Amino acid sequence: MKNKIIIAGVDEVGRGCLAGPVVSAAVILNKNIDLKDIKDSKKINFSNRLKIADYIKKNSYYAIGIANVTEIFKFNILKASLLSMKRAIESLSKKPNLILIDGSFAPDGIENYKTIVNGDNKIKCISAASIIAKTYRDLLMIKLSEKFSNYAWETNFGYGTKAHLDGLRKFGITAHHRKSFKPVHKILSR
């Protein structure tokens, strides 16, 4: 009897943010899952993304991997993104024998993988990973915004919007800001 191929999709979110961690998800979709609403997380509005993420979680194996702002500063954003991916893959309770990774880079030490540029648009399990990672990170930034209300993280999720940059200029940086990122570094250098 031939072994069934178990495929995990992997994607990260938050690489371009000025604050917060980079978050990755690894997802193995159940065979009978309804795929019609699963697409690149950037093409789904916030409330629908939450519903779809909940559906995916109930109908798949998934894991989250995080690299925090200290690791982003220490390693650089690409290496931190790959570290978060590796953590997600290694945290899966079911082990895949093929890993499909969004983008053109893969973490060190991962076997049986394929990188796919724009994979979150092409491959459903990568789309599912993008949805899980984005909802996890968005909810984390909303929670952080309760304590750090001067940066509008509840709406920009740490990206460099006008409200976020205005907050940086007026109130300075927090422990959640990425000190090596140019707009944050400029505030530090004043």
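Has region 148-166 got any residue that is touching a strand residue (DSSP E or B) at 6+ places or on another chain (Cβ under 8 Å) and in a loop (DSSP other than H, G, I, E, B)? Yes, region 148-166 has at least one match. For region 55-64, the tally of residues that are over 18 Å from Glu12 (Cβ atoms) and open to solvent by less than 70 Å² (accessible area, probe 1.4 Å) stands at 1.
Selection within region 5-35: residues that are in a strand (DSSP E or B) and farther than 28 Å from Phe181 by Cα. The member of this set that is most open to solvent (accessible area, probe 1.4 Å) is Ile7. Tell me whether region 88-108 contains one or more residues that are farther than 29 Å from Asn30 by Cβ and not polar (S, T, N, Q). Yes, region 88-108 contains at least one residue that is farther than 29 Å from Asn30 by Cβ and not polar (S, T, N, Q). Can you spot a residue in region 88-103 that is buried (at least 20 other Cβ atoms within 10 Å of the Cβ), hydrophobic (A, V, I, L, M, F, W, C) and within 12 Å of Val23 (Cβ to Cβ)? Within region 88-103 (the criterion being buried (at least 20 other Cβ atoms within 10 Å of the Cβ), hydrophobic (A, V, I, L, M, F, W, C) and within 12 Å of Val23 (Cβ to Cβ)), the answer is yes, since at least one residue qualifies.
Looking only at residues that are without any contact (Cβ under 8 Å) to a residue 60 or more places away in the chain and crowded, with 24+ Cβ neighbours inside 10 Å in region 65-81, which one is nearest to Ala26 (Cα to Cα)? Only one residue fits best here, namely Gly65.
Is it the case that Ile38 is open to solvent by less than 70 Å² (accessible area, probe 1.4 Å) and within 14 Å of Glu12 (Cβ to Cβ)? No, not satisfied.
The values are calculated or read from the model by the stated rules, or taken from the named source; none is laboratory data. Just so you know, these numbers come straight off a predicted model, no measurement behind them. No Cβ is skipped: glycine too gets one built from the backbone with ideal geometry, and neighbour counts run over all protein chains shown. Heavy atoms of the whole protein, side chains included, go into the accessibility calculation; ligands, DNA and RNA do not. Shrake-Rupley method; radii C 1.70, N 1.55, O 1.52, S 1.80 Å.
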